[in-house]
Each structure stands twice: as structure tokens, then as C-alpha cells.
Amino acid sequence: GAVVSQHPSRVICKSGTSVKIECRSLDFQATTMFWYRQFPKQSLMLMATSNEGSKATYEQGVEKDKFLINHASLTLSTLTVTSAHPEDSSFYICSARGQGQGNEQFFGPGTRLTVL
Amino acid sequence: QKEVEQDPGPLSVPEGAIVSLNCTYSNSAFQYFMWYRQYSRKGPELLMYTYSSGNKEDGRFTAQVDKSSKYISLFIRDSQPSDSATYLCAMGSGGSNYKLTFGKGTLLTVNP
């Protein structure tokens with residue numbers, strides 16, 4: 001149980017385009033989803049927290065107009081990187097916490113974004 | 001001082017060795033503690049979750065928490081080459097804030 005998927009696993013795009021990453025909880029309802037960014041050999045950096053049906057809460061320094069997060073259902077959250085630039089290239093990982101699951105977060109496999 | 005300190009390693013051990021991974025923290029508000037394993041280019045996988053001082057065992061893994069010293073450990077017995085990965089400690093303060101604070105991760109290699 002507690003499986004989280006992400007799609008796509010890898011994406012390459014041109015500078016200035018927008019990219020959407022999907023995060024799905026496959027076998028539980030995710031009341032809270034988190035989006036992280038991870039640079040090589042670095043730890044996870046929380047970007048934002050989203051609760052189903054509510055606006056996402058962004059961490060300090062994260063541009064909410066650039067990283068659009070939607071959590072429209074209990075099993076799906078999306079992260080859209082708008083007007084991507086090469087410095088947005090990174091490994092993006094989502095996690096989900098389900099109702100009644102306590103404080104554990106279950107992570108997706110991650111999406112490798114490369115902006116040319 | 002960072003909220004969570006974790007030695008990044010790398011740590012290299014022979015197969016069968018006992019591995020000890022550690023994190024210290026400064027925020028006394030942290031109430032629960034987790035250990036994640038992350039293989040290269042993959043998402044973290046939850047290994048252990050504890051919320052009280054003491055030991056918790058699951059197979060070859062033992063998580064230890066000492067809240068008075070603000071110190072947590074993960075022990076791996078009979079380490080296997082498949083245990084080679086980065087191990088991340090994570091902690092949270094509870095309540096309605098479910099955010100986790102992560103250590104930098106320790107890169108472990110178990111040599112056959």
C-alpha cells in the first residue's frame with residue numbers, strides 16, 4: 001500500500017515553455033501533498049504544501065506564479081513550471097500524506113526536468 | 001546551526017557489517033522521526049517511523065531516538081550490497097503542520 005506515482009519520469013523542454021508534472025496517490029486518498037526539489041547530492045527542499053481543494057502554501061523564496069500547484073482531487077496534484085529556464089532544471093519529487101495515516105509521507109519516484 | 005545535521009559520508013562498509021547512521025537536531029519541537037532510503041535518481045522510500053524515545057526494530061533495521069540528547073540513529077544489521085543508497089533522516093513537529101525537515105543524507109556503499 002501507500003503507492004505514489006509521478007508522470008513524466010523525465011522531461012526535456014526548451015527555455016520559455018511550461019511543463020506539467022502529475023503526482024497521483026494510487027491506493028489511498030491524499031489529503032495533503034508536498035512538492036520538493038532536489039539538486040545533485042543535496043537534500044530535499046520543500047517547495048509547497050497543498051491540501052485538497054485549497055490553495056497551496058509556498059515556502060519562502062518559492063515563486064508561486066512560476067510554480068503553479070493544483071490539488072483538485074484526493075488522488076491528484078499537479079505542479080506546472082511556467083516559463084521554464086535552465087536554472088529550473090532539477091529533480092522534482094512529490095509526496096503524499098493520507099487521512100488516517102499519521103504523519104508519514106510517501107514519495108513518488110521523482111521527475112527529472114532538464115530545460116535547454 | 002542547522003535544524004538537522006547529518007554526516008553526508010560517504011560511508012563504505014563490507015557486506016555483513018553493522019552500519020550506524022546518525023542525525024542530530026536542535027529544534028526541541030520535533031516530535032516524530034523518520035528514516036528514508038533513496039536510491040540514485042529515485043524517490044525516497046520510508047524505512048522507519050518513530051515518535052518516542054527508545055528503539056524500534058523492523059527486520060534488519062533498528063531506529064533509535066534519544067530526545068534528551070536530540071539524537072537519532074538507524075542501525076542496519078547484516079548489511080547487503082542492496083542496502084547501498086543514500087539514507088535521509090527526517091523529522092516533524094506534529095499538530096496540523098505536517099512538514100518534514102530533512103537531513104542532507106548519508107551515502108552508504110556496502111561492498112560485496
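What to note about this one:
- Considering only residues in the stretch B:1-30 that are of a type in the set (Asp, Glu) and within 14 Å of chain A (Cβ to nearest Cβ), the one that is nearest to B:Leu108 (Cα to Cα) turns out to be B:Asp7.
- Flag if B:Ser53 is out of contact with any strand residue (DSSP E or B) (no Cβ under 9 Å at 6 or more places or on another chain), among the polar types (S, T, N, Q), under 16 Å from B:Ser28 (Cβ atoms) and free of Cβ contacts under 8 Å to residues at least 60 places away in the same chain: no
- Among the criteria (1) open to solvent by 30 Å² or more (accessible area, probe 1.4 Å); (2) of a type in the set (Phe, Trp, Tyr); (3) over 25 Å from B:Tyr36 (Cα atoms), the one A:Phe67 does not fulfil is (1).
- Scope the stretch A:31-46; condition at pLDDT below 90 and farther than 19 Å from A:Ser89 by Cβ; matching residues: A:Thr31
- Leading residue by the ranking (modelled with the lowest pLDDT) among those in the stretch B:32-48 that are of a type outside the set (D, E, K, R) and surrounded by fewer than 21 Cβ atoms within 10 Å (Cβ to Cβ): B:Ser40
- Scope the stretch A:70-92; condition open to solvent by 40 Å² or more (accessible area, probe 1.4 Å), of a type in the set (Gly, Ala, Ser) and either over 22 Å from A:Lys55 (Cβ atoms) or in contact (Cβ under 8 Å) with a residue 40 or more places away in the chain (or both); matching residues: A:Ser83
- Within this structure, A:Ser95 passes the test of being within 14 Å of another protein chain (Cβ to nearest Cβ) and open to solvent by less than 40 Å² (accessible area, probe 1.4 Å).
- Screening A:Leu113 with (1) under 18 Å from B:Glu45 (Cα atoms); (2) touching a Phe, Trp or Tyr at 6+ places or on another chain (Cβ under 7 Å); (3) open to solvent by less than 30 Å² (accessible area, probe 1.4 Å) gives one miss only, at (1).
- Against the list (1) within 13 Å of A:Cys94 (Cα to Cα); (2) touching a Ser or Thr at 6+ places or on another chain (Cβ under 8 Å), the condition A:Leu79 fails is (2).
- Residue within the stretch B:16-31 that is open to solvent by 70 Å² or more (accessible area, probe 1.4 Å), within 23 Å of A:Phe106 (Cα to Cα) and not hydroxyl-bearing (Ser, Thr, Tyr) present: yes
- Conditions (1) within 29 Å of B:Trp35 (Cα to Cα); (2) more than 15 Å from the chain's Cα centre (by Cα); number of the one not met by A:His85: (1)
- In summary, strands (runs of 3 or more DSSP E) completely within the stretch B:35-112 and bearing 1 or more residues that are of a type in the set (Asp, Glu) and within 14 Å of chain A (Cβ to nearest Cβ) occur at B:45-50, B:54-58.
- The number of residues in the stretch A:98-110 that are open to solvent by less than 10 Å² (accessible area, probe 1.4 Å) and under 18 Å from A:Ser43 (Cα atoms) comes to 3.
- Within the stretch A:6-46, being buried (at least 17 other Cβ atoms within 10 Å of the Cβ) and within 11 Å of another protein chain (Cβ to nearest Cβ) holds for A:Gln6, A:Cys23, A:Thr31, A:Thr32, A:Met33, A:Phe34, A:Tyr36, A:Gln38, A:Ser43, A:Leu44, A:Leu46.
The values are calculated or read from the model by the stated rules, or taken from the named source; none is laboratory data. Note that the structure is predicted; figures quoted are calculated from it, not measured. When we count neighbours, we look across all protein chains shown, and the Cβ atoms used for this are built from the backbone with ideal geometry, even at glycine. Heads up: the accessible areas ignore ligands, DNA and RNA and are worked out on the full protein's heavy atoms, side chains in. Shrake-Rupley method; radii C 1.70, N 1.55, O 1.52, S 1.80 Å.
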